[in-house]
Amino acid sequence: MSATSTFNDSVAGEAFLRLAAVSDQFERYANPHAVRIAAIADEIAKLVHIGGEDRRSLRVAALLHDLGETAMERDYISRPGALTEENRIDLARHPVIGEQETSRAGASRAAQLLVRWHHEWWNGCGYPDALRGEEIPLAARILRVADSYAALTDRRPFRPALTAPEARQQIIQWAGIAFDPRVVSLFLSLDRLPELESFAETASVASTKVTTGLGG
């Protein structure tokens, strides 16, 4: 699978791509992660006719969404095992730190805010601002779904990758809770996109439970 097959490198710039690769390496993703998210999110954005500049901000935010985790340099982010409550509280700071780091990287204010809000939940239980429903910008809701699917279908130190059908089922189960149901429907309509392929090594890992939150 080519994680960059539908993503135009010249759009975001080589500097953003390098930062994305650093974040992927820090989080110990086995395969390119941020560029997968950018491609998936962009395909969803096309379906709702998001304008060119807003799509560019979304792609940049996808590349830089986890700069906050990289800046925090916490070892619990990539180690095996469940997070402690203290870890979870600490980790909830990363979107705000990511917003600051994205600003330093020279991204637009729109991209910075998408990074800040990429862990907001449709039901208002996300962070850092507990936005609810359509208070969350559409592009941030798209980024939420794309990030979660890409994370679920790649191997992490603390769990194997889910197959594509298993990951889709997880997304469906959390529609209306973590995810905008409309965005989920649009995501499920995507077809023949290489970035949707899973890196799962086995035919079934259905017993795997996601206990550390959806998304990367």
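Taken together, the values in this text are just the output of simple stated rules run on the coordinates, not laboratory data. A quick note: this is a predicted structure, and the numbers were derived from the prediction, not measured. Here the Cβ positions follow ideal geometry from the backbone for every residue, glycine too, while neighbour counts run over all protein chains shown.
For this structure, a couple of remarks:
- When the chain is described by a simple charge dipole with +1 on each Lys and Arg Cβ and -1 on each Asp and Glu Cβ, the residue from A20, F158, P95 located farthest towards its positive end is F158.
- Extension gain, R88-V48: 0.36 nm per intervening residue step, less the Cα-Cα distance, totals 11.1 nm.
- Computed over neighbours whose Cβ is under 11 Å from that of L186, the net charge equals +1, Lys and Arg +1, Asp and Glu -1.
- Per-residue 3J(HN,Hα) values for region 61-73, derived from phi via the Karplus relation 6.51 cos²θ - 1.76 cosθ + 1.60 with θ = phi - 60°, read 4, 4, 5, 9, 4, 10, 4, x, 5, 4, 5, 6, 6 Hz in sequence order (x marks Gly and Pro).
- Under the combined filter of DSSP loop state and at most 12 neighbouring Cβ atoms within 10 Å, region 8-81 retains these GluC sites (Glu not before Pro): E73.
- For region 99-205, the set of trypsin sites (Lys or Arg not before Pro) satisfying both a DSSP loop assignment and a count of at most 11 other C-beta atoms within 10 Å is given as R192.
- Proximal charge balance of H119 [Cβ under 13 Å; K/R count +1, D/E count -1]: -1
- With a cut-off of 9 Å between beta carbons, the residues surrounding A139 carry a summed charge of +1, where Lys and Arg count +1 and Asp and Glu -1.
- Couplings for region 94-100, taken from phi via the Karplus curve 6.51 cos²θ - 1.76 cosθ + 1.60 with θ = phi - 60°, read 5, x, 6, 5, x, 4, 5 Hz in order; Gly and Pro are left as x.
- (i) 23.0, 89; (ii) 18.7, 68; (iii) 15.5, 42, with the label sought being that of the calculated Rg and Dmax of the Cα atoms in Å: (iii)
- Charges were assigned to the Cβ only: +1 to each Lys and Arg, -1 to each Asp and Glu. The resulting dipole of the chain about its Cα centre is roughly 180 debye.
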